[in-house]
Each structure stands twice: as C-alpha cells, then as structure tokens.
Amino acid sequence: MKNIQISPSILSADFSKLGSEIKRLEEGGADMIHVDVMDGHFVPNLTIGPPVIKALRNQSSLKFDVHLMISPVHKYIDAYANAGADIITIHPEATENLEDSIKKIKELNKKVGVSLNPETKIDVIKNFLDKVDLVLIMSVNPGFGGQKFMPEVLTKIKDLKKIQKDKNLNFDIEIDGGINFDNCKIAIEAGANILVSGTTVFKSNNGDIKKNINLLKSK
Ligand code: DX5
Ligand code: ZN
C-alpha cells in the first residue's frame, strides 16, 4: 500500500510571490509541488513556462510535479526538464506519438506521467502503463482551479487500480481537480495515492497550509 502524498497546485498560490509560497508549502508538509503549465491553446488559460520554473527551482528541494497542459508538447519537453521539472506529465491528446514523448522524458532522466481528462478513456494509455511512473486522473476539465469535483472519474481510478494489480505494475495514481476534505477519502479508497489540491490547501482554514495538508492526509 503506497503512502498518501499531497501535491499542492501552485495555480491557487499568490502569483506575486511564488517563491515564498513554495517555501510555505514545503514548511507546511507538502510532499511535492504541482506546477500547472497552461498554454491558452490546449486549455483556455495561460499560466507559467520554463523561465518561471527555473526561477523557482532553488526555492525548494521538493520534487516539481509538472503538469503540462500544452499542445504540441513533444518539442517543449527538453525545456521543462532543463528548467527543473522532476515529474513531467503530458496529455496523450497533446502529442502525435505518445510512445516517443514518454521515451523522451525518460531519456532526460525524469519521471513520466500521462494525464486523462474526464472524458478520456483508459484505453488511450493502456499499452503504456508499463512505461510510465504516474497516471494523472483529472477530476475536472483542465484549465482552472476551484472547479467542482467530478465523482464519475472514480470509476476510472478503480478500473486503473485493477489493471495495475492484474499486471503487477507500480505506477502512482494521482487525482487532480476539486479535491477537498469531503471527497479526498473516496478518492483514496478508489485507489489514488497522490492528491493534487490547490484551492483546499491554499484557501481553507484561513490559509493554514499545514492544517489543510494534514487534514487531507488524515482522512
Ligand atoms: C486544473 C489543474 C488542477 C487545479 C487543481 O487544470 O490541473 O491542478 O489547479 O486546483 P483545485 O484543487 O483548486 O481544483
Ligand atoms: Zn494539474
């Protein structure tokens, strides 16, 4: 049984002081930092890119769990690896050749993740599950923090967990979008072992990050 990890999304952080916000996450007990990269093309929002990640890299020793919501993604993988990403997660719809993109991330000695939008079926990635370190299940349509959790994706997590067991694979199952104190337990019970959370970690309990992370973990 894998330990439950919390990967707070800096999308909900104060963008005028991202360096100190990342320090607050580390002090608050985050297991890694979820960095939402958006290009205004793959998703209808635009956030940060390699220069900002490079600038933040020395602010924390925590792993940067970089979620690339960009398309095309293949030609930018080097830039995110060089900027300091530790985990690089891509969407299958954003690359012409998923196998090549997975290979490229591994050649750069980074952990590789693939992300499924709520409407994307596991079939799209089933032939790659033995090649990835992480599967990121979106429980919102990507693009914005603070959206409502979509419980229907829990079935997908359960199906993924079963495949993982049947094939004796060891990838992490990360869930991302609308995670809060009321639904984190059912997400874990379904099989997720990494919880992404932006709004709940940064905004609940008057922004008491340590308390919010502990509450998510303790459910
Ligand atoms: C949405 C991002 C999520 C989001 C999570 O496209 O991928 O990581 O920021 O934020 P909350 O926890 O506020 O839904
Ligand atoms: Zn994300």
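The values are calculated or read from the model by the stated rules, or taken from the named source; none is laboratory data. On a predicted model such as this, the values are computed, not experimentally measured, just so you know. Reconstructed Cβ throughout: ideal geometry from the backbone, glycine too, with neighbour counts over all protein chains shown. Note: areas computed on protein heavy atoms with side chains; ligands, DNA, RNA excluded. Shrake-Rupley method; radii C 1.70, N 1.55, O 1.52, S 1.80 Å.
The figures follow:
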item	result
Failed item in (1) touching a Lys or Arg at 6+ places or on another chain (Cβ under 9 Å); (2) open to solvent by less than 10 Å² (accessible area, probe 1.4 Å); (3) not in a helix (DSSP H, G or I), with I77 passing the rest	(3)
Members of region 175-196 found to be within 10 Å of ligand 1 (Cβ to nearest atom) and touching a Phe, Trp or Tyr at 6+ places or on another chain (Cβ under 8 Å), listed by number	G177, G178, I179, N180
Filtered residues of region 97-119 (kept if more than 15 Å from L68 (Cβ to Cβ), touching a helix residue (DSSP H, G or I) at 6+ places or on another chain (Cβ under 9 Å) and either within 16 Å of ligand 1 (Cβ to nearest atom) or modelled with pLDDT under 95 (or both))	P118
Members of region 92-122 that are assigned to a helix (DSSP H, G or I) and within 15 Å of V153 (Cβ to Cβ)	I122
Region 78-99 residues that are within 16 Å of I122 (Cα to Cα), paired with ones that are of a type outside the set (A, V, I, L, M, F, W, C) and open to solvent by less than 10 Å² (accessible area, probe 1.4 Å) (beta carbon under 6 Å, 6 or more apart)	T89/H67; T89/G113; T89/S115; I90/S101; H91/S115
Residues being touching a strand residue (DSSP E or B) at 6+ places or on another chain (Cβ under 7 Å) and not acidic (D, E) - total across region 5-33	12
Residue match in region 210-218 (condition: small (G, A, S) and within 16 Å of ligand 2 (Cβ to nearest atom))	no
Total residues in region 105-128, condition loosely packed, with under 15 Cβ neighbours inside 10 Å and in contact (Cβ under 8 Å) with a residue 60 or more places away in the chain	0
Residue check, H91 within 19 Å of L108 (Cα to Cα) and open to solvent by less than 10 Å² (accessible area, probe 1.4 Å)	yes
Restricting region 31-54 to residues that are more than 13 Å from ligand 1 (Cβ to nearest atom) and either at pLDDT below 95 or not basic (K, R) (or both), the residue that is surrounded by the most Cβ atoms within 10 Å (Cβ to Cβ)	I53
Any hit, region 9-21, residues being open to solvent by less than 20 Å² (accessible area, probe 1.4 Å), within 18 Å of V132 (Cβ to Cβ), touching a residue at least 40 places away in the same chain (Cβ under 8 Å) and within 14 Å of ligand 2 (Cβ to nearest atom)	no
Residue check for N82: more than 16 Å from ligand 1 (Cβ to nearest atom), polar (S, T, N, Q) and in a helix (DSSP H, G or I)	yes
Unique match (being more than 24 Å from T120 (Cβ to Cβ) and among the aromatic types (F, W, Y)) among F144, F149, F202	F202
